[in-house]
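The next block holds one structure in the form of structure tokens; read it before the comments.
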Amino acid sequence: MTAATLITVAPTGAEADKSRTPALPVTLDELVATAIACQAAGAAVIHVHIRDDKARPTLDLPRLKDTVAALRARTSLIVQLSTGGAVTDPFEDRLNVLEASPDACSLTCGKVNFGDDVFMNPWGFITDLYQATQEKGIAPEFELFDLGHISTLHRLLATYGPPHGGRIHCDLVMGVPGGFDGDLRTIATAVQSLPDGATWSATGIGRTSVPVLLAALSAGGHLRVGMEDTLTFAKGRPVRDNAELVTRAASAATLAQRPPMTTAAARAFLGIDSAA
Ligand code: KMH
Ligand code: ZN
């Protein structure tokens, strides 16, 4: 079991509505302030989706570049850009995210029902994206929403070899209706199917957030938390901000005798070079 816990914060996502959730960070200033607070609370990685001037999700490249630069200037967090975007984003724009030269990116290993839509990730897109990460020296994090995604991950590694940096790090995204259930039994099933040597975080969407966090810690996994996935802190109590979700994760990790990993340790763990 890894001695320390890698905590990723996913502060914004593409789905939550700023007008209904004023604490959601959508401007660059809000995102940077959130990143600073979350690093202080124990996060080592930030999973980034950005918004436009009307707080709508966007994959605008100049804006992504500015975001990467600002996060690097003000924090030592590992900057992981989302290549999932929103369900409406074209594949070409999702591939183009890598032109912003993040440290890391998400790479989802299959399609999944997503609200009333489908989050599309066909094999050809997965392989294009994976090869681009290898060429550009960007560390992918394999987002797994369902057991079949793990089969695709095995096929991807067998066909194209190891990822940049050598670390096969996965995120089990749990509690999306139609994907993994967010419970211990499902974590156990998924983890035993991962490639040899792979490490993993888990994310529980909505009400699965706390059960998944506790189960992941006890099973030796790492954590992703944030307002992309969780808008309710406890029954009837909205999340105040991302930092309180990171603080809760860091407290639980410390209680589990696996305190939060520093950003420097996280870079070594994920095979990511020091910040430029
Ligand atoms: N917003 C979802 C459609 C990712 O960031 O890579 C996809 C998502 C996964 O959030
Ligand atoms: Zn995301």
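Throughout, read-outs are computed from the coordinates displayed, never taken from laboratory work. Predicted, not measured: the structure shown is a model, and the values here were computed from it. When we count neighbours, we look across all protein chains shown, and the Cβ atoms used for this are built from the backbone with ideal geometry, even at glycine.
Per-structure values
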item	result
Entries of Lys54/Lys136; Lys65/Lys136; Lys54/Lys111 with Cα pairs more than 25 Å apart	Lys54/Lys136; Lys54/Lys111
Leu28-Thr262 FRET efficiency (beta carbon distance; Förster radius 35 Å; 0.05 resolution)	0.90
Label-point separation, Ala55 to Asp128 (7 Å along Cα→Cβ), nm	3.3
Rounded, prolate or oblate (a/c below 1.5 giving rounded, otherwise prolate when a/b exceeds b/c) for the chain by Cα gyration tensor	rounded
Mean Cα-pair separation over length for region 207-276, i.e. relative contact order, pairs under 8 Å, 6 or more apart, %	22
Cα centroid separation, region 1-70 to region 183-212 (Å)	23
Cβ-Cβ FRET estimate between Asp117 and Arg74, R0 fixed at 30 Å, reported to 0.05	0.30
Length released on extending from Glu15 to Leu147, taking residue separation times 0.36 nm less the Cα-Cα span	45.1 nm
Over region 7-270, relative contact order from alpha-carbon pairs under 8 Å, at least 6 apart, %	21
